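Before any comments, here is the structure.
The values are calculated or read from the model by the stated rules, or taken from the named source; none is laboratory data. Here the structure is a predicted model, which means the values were calculated and not measured. Neighbour counts are summed over all protein chains in view; Cβ atoms, including those assigned to glycine, are modelled from backbone coordinates with ideal geometry. To get the accessible areas, we keep the full protein, side chains included, count just its heavy atoms, and leave off ligands, DNA and RNA. Shrake-Rupley method; radii C 1.70, N 1.55, O 1.52, S 1.80 Å.
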Amino acid sequence: MPVTFTIPGPSGPLEAIEHPALDADGNELARPRAVSVVCHPHPAHGGTMHSTVAFKTARGLQRAGVACLRINFRGVGGSAGTYDGEGGEEEDASAALDWLQAKYPGAPVWAAGFSFGSRTVFGLSKRDGRIERLVLVGFPLRAFDLPNVDRIRQPTFFIWGEHDEFGTLSDLRAAYPVLPEHFTFHVVAGDDHFFKPNTRELEHEVWRWATAQLEGAPQR
């Protein structure tokens, strides 16, 4: 069973679970090919780091050789503080990246999130130059004002369920008819916002994109 521990956060300790990087045979790598925070859905609607979608996203990255850290945002579970919703959770995600960088110095830094968590890492990526790649799962275009998506500088993977009620690829294309070539998209047929019943496909597609991104990447 994964061990829950705490890391330093801007409002006090944050609960976390680490997913060590794995090789193709499922063995733990001595040095990850990259590191990533994985952020959970909306705290005000029951979102925690134990979300199945957050777990499957982390598993896909882990299997590609990326060491991941799932965290509970401030005020969730045993994490100190209270829900902010206006940037405080971005600071929590930044603290997770600090922890990963301290443990794995020199590793490329990625950020991933589901729903509210994808909104969080999207916001952080605009001002945190460490972040080299993004995984935005169930990106909630209908639920939040998410401006300047077409200005994301990092290679980014977007994945939605076909019937996601909070946003779809069609919504993104309608808002931004011309999108950067470094964006990659996948839609899981038949699924809703929570990728039911195909979370396995979610994990596989995250793994496939991450593996492709890391192919030929220089080791640091």
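Remarks
- Residue-by-residue Karplus 3J(HN,Hα) for the range 104-115, coefficients 6.51, -1.76, 1.60, Hz, glycine and proline x: 10, x, x, 6, x, 9, 10, 8, 9, x, 10, 6
- Amide H contacts under 5 Å for residue 153: none, restricted to partners 5 or more places along the chain or on a different chain, H placed in the peptide plane at 1.01 Å from N.
- Derived scalar couplings between HN and Hα for the range 142-151 equal 7, 8, 9, 7, 10, x, 6, 4, 5, 9 Hz in order, rounded to whole Hz, by the Karplus curve 6.51 cos²θ - 1.76 cosθ + 1.60 (θ = phi - 60°), x for Gly and Pro.
- Beta bridges by DSSP in the chain, antiparallel share as percent, to the nearest 5: 25 percent
- Rg/Rh ratio calculated on Cα atoms of the chain (Kirkwood radius): 0.93
- Taking amide H as placed 1.01 Å from N in the peptide plane, residue 84 has its amide H under 5 Å from the amide H of 89, each at least 5 places away in sequence or on another chain.
- Anchor residue 196: lysines whose Cα lies under 22 Å away (excluding residues fewer than 8 positions away in-chain): 56
- Per-residue packing, averaged as other Cβ atoms within 10 Å, sorts the ranges 149-158, 23-32 into the order 149-158, 23-32, beginning with the highest.
- Mean residue ellipticity (222 nm) of the chain, computed from DSSP H runs ≥ 4 via -39,500 (n - 2.57), nearest 500: -8500 deg cm²/dmol
- Taking the accessible area of the range 4-215, probe 1.4 Å, and keeping the other protein chains in place, the carbon and sulfur fraction comes to 48%.
- Across the range 1-92, C-alpha contacts under 8 Å between residues 6 or more apart give a mean separation that, scaled by the residue count, equals a relative contact order of 34 percent.
- The phi-based Karplus calculation (6.51 cos²θ - 1.76 cosθ + 1.60; θ = phi - 60°) puts the 3J(HN,Hα) values of the range 118-130 at 6, 4, 5, 6, 4, x, 5, 5, 5, 10, 10, x, 6 Hz, whole numbers, x for Gly and Pro.
- Counting only heavy atoms of the protein chains and using a 1.4 Å probe, residue 94 has close to 20 Å² of accessible surface.
- Amide H contacts under 5 Å for residue 79, placed H, 5+ residues apart: 15
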